[in-house]
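Comments concern the structure below.
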Amino acid sequence: MQPKSKGKKIQSSKFSKKKEFSFPLEKENFMIIGFGILLLIIGYVMMAQNSVDGFIPTVVSPIFLVAGYCVVIPYGIMKKPKSRSAEVKEESVEAETTSSNVKTS
């Protein structure tokens, strides 16, 4: 009967560990994404001009749209905060030093 109770203790300790939840995007990320949305709005407003052969609706507006969709918004989503990137580097250094395959006597 004792081994069964030990097994239950091991299982309960596995479930007792709670993971901390942290939202992946911070204020700086939202500011960058907001700037990308602003670029998109400006690009669409410039494209709405009635001039078919104009320079702004045919050249400048697509540049704003491509910059907003393909550069600024993805950068805002993928950018990691400086404090979190430092923590990740420290964890990777600790993992490298603790997991060694060399046997020492």
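The values are calculated or read from the model by the stated rules, or taken from the named source; none is laboratory data. Note that this is a predicted model, so its numbers are computed, not measured. Note that we place each Cβ from the backbone using ideal geometry, even for glycine, and neighbour counts take in every protein chain shown.
Just to be sure, is residue 22 surrounded by 10 or more Cβ atoms within 10 Å (Cβ to Cβ) and at pLDDT 80 or above? No; evaluated as a whole, the condition is false for this residue. Taking first residues from segment 50-70 that are under 12 Å from residue 40 (Cβ atoms) and partners that are hydroxyl-bearing (Ser, Thr, Tyr), no Cβ contact under 6 Å between residues at least 6 apart in sequence or on separate chains turns up.
This table checks each residue for (1) among the hydroxyl-bearing types (Ser, Thr, Tyr); (2) at pLDDT below 95; (3) surrounded by 12 or more Cβ atoms within 10 Å (Cβ to Cβ).
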| residue | (1), (2), (3) |
| --- | --- |
| 2 | no, yes, no |
| 9 | no, yes, no |
| 37 | no, no, yes |
| 51 | yes, yes, no |
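Candidates 64, 15: the one that is part of a helix (DSSP H, G or I) and either touching a Leu at 6+ places or on another chain (Cβ under 6 Å) or at pLDDT below 60 (or both) is 64.
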